[in-house]
Amino acid sequence: MINNLHYRLYGRTKGRKNNKNNVSFLRIKLINIDHNKYNILDIGSGFGESTIKIAKKDKKKIVICCEKYIDGLNNLFKEVQKEQLDNVYIYQGNVHQMLDEYCSKNSLSEVWILFPDPWPKKKHFKRRLIDKYFFHKIKTYLKYGATINIASDSKSYISQILRTIYEVKADFLWVNQSKSEWEYDSRILPETKYYKKALKNGLKPFYVKLEKL
């Protein structure tokens, strides 16, 4: 039996000014994630800029977007149609539930987590996605040598992420350990809405790349 509390979603699911409850995209339950293919999981894609850029880079690779925000997913769906991308699949909901229900072991080649919700209040830190539990869970679904790409502009969240990386160093190699490689290069990495917001607020995004051992 699935524990609904385990899959709880925090924050808004749709915009305050949007009263539409319908979602105009196909859910991932309509497809089968083939572990023989190169599967990329984009967690918390916001308005879809990251998913689109990753999908266009190599159309032979499958990109699975996992996001709760309906407005963002509808925007992504429109862009997928506009760009005529047939390698993008969308799941609206909790990534833990998606992994448990639709992913098999050793099925993911890449994971992207760009600017996850920082939940800045200390009492809400427990809502943050990236922690030791998350890494222990995601490693089951990752292929050998699979990579995890993470970016954040929250100082407290970055500190938490670095502490967690140290705690899971037996399972994951921190690839870009030199300071010059921590910078978020928008020429290579997706220039998302939240990346632009960080720059506007004078914040310097921090990028981490990990590899499953």
Considering residues of the stretch 49-71 that are more than 16 Å from residue 94 (Cα to Cα) and in contact with a strand residue (DSSP E or B) (Cβ under 7 Å, 6 or more places away or on another chain) only, the residue most open to solvent (accessible area, probe 1.4 Å) = 61
ask   = Looking only at the stretch 117-148, which residues are modelled with pLDDT of 90 or more and under 19 Å from residue 197 (Cβ atoms)?
value = 128, 129
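Quick check: is even one residue across the stretch 72-89 surrounded by 14 or more Cβ atoms within 10 Å (Cβ to Cβ), hydroxyl-bearing (Ser, Thr, Tyr), farther than 18 Å from residue 149 by Cα and at pLDDT below 85? Spell out how you get there, then give the answer.
Of all residues in the stretch 72-89, those surrounded by 14 or more Cβ atoms within 10 Å (Cβ to Cβ) come to 72-77, 79-80, 85, 87-89.
After this cut, where a residue has to be hydroxyl-bearing (Ser, Thr, Tyr) as well, the list is 89.
Those left that are additionally farther than 18 Å from residue 149 by Cα: 89.
With the extra rule that they be at pLDDT below 85, the set shrinks to none.
Checked the stretch 72-89: no residue is surrounded by 14 or more Cβ atoms within 10 Å (Cβ to Cβ), hydroxyl-bearing (Ser, Thr, Tyr), farther than 18 Å from residue 149 by Cα and at pLDDT below 85.
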request  = Out of 82, 56, report the one residue that is over 26 Å from residue 183 (Cα atoms) and not acidic (Asp, Glu).
outcome  = 82
query = Just one of the numbered conditions (1) open to solvent by 60 Å² or more (accessible area, probe 1.4 Å); (2) modelled with pLDDT of 90 or more; (3) in contact with a helix residue (DSSP H, G or I) (Cβ under 7 Å, 6 or more places away or on another chain); (4) not hydrophobic (A, V, I, L, M, F, W, C) is not true of residue 209; which one?
reply = (3)
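Condition first: touching a strand residue (DSSP E or B) at 6+ places or on another chain (Cβ under 6 Å), of a type in the set (A, V, I, L, M, F, W, C) and at negative phi. Can you find one or more residues in the stretch 97-105 that meet it?
There is at least one residue in the stretch 97-105 that is touching a strand residue (DSSP E or B) at 6+ places or on another chain (Cβ under 6 Å), of a type in the set (A, V, I, L, M, F, W, C) and at negative phi.
The values are calculated or read from the model by the stated rules, or taken from the named source; none is laboratory data. Nothing here was measured: the structure is a model prediction, and the numbers come from that model. Glycine also receives a Cβ, built like all others from the backbone with ideal geometry; neighbour counts cover every protein chain displayed. When the accessible area is computed, the model is the full protein with side chains, heavy atoms only, and any ligands, DNA or RNA have been set aside. Shrake-Rupley method; radii C 1.70, N 1.55, O 1.52, S 1.80 Å.
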